[in-house]
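To start, the structure itself, in structure tokens.
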Amino acid sequence: MSNTVHPLAGVVGWPIKHSKSPVLHGHWLKRYDLTGEYRPIALPPADLEDGLRKLAKKGFKGVNITIPHKETVLKLADSITDSAALIGAANTVHFHADGTIGADNTDGYGFIQNLRQNALYWNPKSGPALVLGAGGAARAVVWALLNEGAPSVRLANRTRIRAENLANHFGARVEVVEWNEVNEAMIGATTIVNTTSLGMEGQPEWRIHFDDAPIGGLVTDIVYTPLITPFLKMAQERGLETVDGLGMLLHQAVPGFESWFGRKPEVDDDLRQAVLEA
Ligand code: ATR
């Protein structure tokens, strides 16, 4: 069977059974009636490099990369895109015809596309952004906001040193604000993003309110379980526009799918339903 008529791709993680990527790519393969396969692949950290090189030899075109490999994969890649280098992690790798491995990060792209699709009038340049959290997801979000021309990013994290490290990495447009001053930091912030796990089900309530957020500001949460997190619910009650985080997961998958299977897929309600039901 030739690669060109039956492309192979997948997602590599450890463990892998929770990944929604196989459902997502499987939905698109079926919908566009494409031949090809997208497989979940479990590789423990010690086997990552060998495992990836074996997949390349088997004819895989590339794979998505998930926990815990997103940072370590950069060390073994032969080439790294600017976004992956600046975010310090990769979620997509491509196996090139010459045997080399290229690493890319589409999480920031997914974050922006989700907002563009669901908040038509959102303009990242219209004012400062406020980002809560300083983990891996926050790095992608901060990179994306700066790349889209946000004039500045206010960054708040429970553990301040992590926010400072992230701010130092991205330079003067990122300003650290105190975790207990998040409510004040909303003043004038036109894009407000939660990247912490605080909004998830089962997490303790937090003392945040949107009283000082500007009307017309956009609020989003990268957590999508539940779809409407307490963070988004509070923002809605204040009359702010909100976008849930599921679209970021869906949109980050688009570039890989297009490159491996030869068609740019659409992110629509059918896809959302399929992933939510998985
Ligand atoms: P990810 O890569 O998904 O962003 P992470 O690196 O574990 O995951 O980061 C999780 C984020 O949620 C961090 O910003 C973390 O804050 P700390 O750096 O202080 O740990 C934040 N977070 C998790 N639980 C929290 C809580 N109960 N209160 C405040 N922040 C919390």
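The values are calculated or read from the model by the stated rules, or taken from the named source; none is laboratory data. Note that the coordinates shown come from a computational prediction; the quantities given were computed from them, not determined experimentally. Reconstructed Cβ throughout: ideal geometry from the backbone, glycine too, with neighbour counts over all protein chains shown. The area values use the complete protein model at the heavy-atom level, side chains included, leaving out ligands, DNA and RNA. Shrake-Rupley method; radii C 1.70, N 1.55, O 1.52, S 1.80 Å.
The requirement of being in contact (Cβ under 8 Å) with a residue 60 or more places away in the chain and of a type outside the set (Val, Ile, Thr) is fulfilled nowhere in the stretch 223-240; no residue meets it. Which residues, taken from the stretch 183-227, are modelled with pLDDT of 95 or more, within 14 Å of the ligand (Cβ to nearest atom) and not in a strand (DSSP E or B)? Of everything in the stretch 183-227, those that are modelled with pLDDT of 95 or more, within 14 Å of the ligand (Cβ to nearest atom) and not in a strand (DSSP E or B) turn out to be 195, 222. Checked against (1) open to solvent by 50 Å² or more (accessible area, probe 1.4 Å); (2) closer than 27 Å to residue 151 by Cα, residue 270 passes all but a single condition, namely (2). Restricting attention to the stretch 158-179, the residues that are within 16 Å of the ligand (Cβ to nearest atom) and either open to solvent by 20 Å² or more (accessible area, probe 1.4 Å) or part of a strand (DSSP E or B) (or both) add up to 15. Of all residues in the stretch 145-168, none satisfies being in contact with a His (Cβ under 8 Å, 6 or more places away or on another chain) and within 24 Å of residue 267 (Cβ to Cβ). Among the residues of the stretch 125-157, just one is within 14 Å of the ligand (Cβ to nearest atom) and at positive phi, namely 133. Taking the conditions (1) touching a residue at least 24 places away in the same chain (Cβ under 8 Å); (2) open to solvent by 40 Å² or more (accessible area, probe 1.4 Å) in turn, residue 277 satisfies each one other than (1). Only a single criterion out of (1) surrounded by 24 or more Cβ atoms within 10 Å (Cβ to Cβ); (2) closer than 25 Å to residue 62 by Cβ is not satisfied by residue 113, namely (1). Checked against the criterion of being modelled with pLDDT of 95 or more, in contact with a Pro (Cβ under 8 Å, 6 or more places away or on another chain) and within 18 Å of residue 11 (Cα to Cα), the candidates 92, 66 yield just one match: 92. For the stretch 136-145: of the residues being open to solvent by 10 Å² or more (accessible area, probe 1.4 Å) and out of contact with any Leu (no Cβ under 9 Å at 6 or more places or on another chain), which is nearest to residue 212 (Cα to Cα)? Among residues in the stretch 136-145 that are open to solvent by 10 Å² or more (accessible area, probe 1.4 Å) and out of contact with any Leu (no Cβ under 9 Å at 6 or more places or on another chain), the one nearest to residue 212 (Cα to Cα) is 137.
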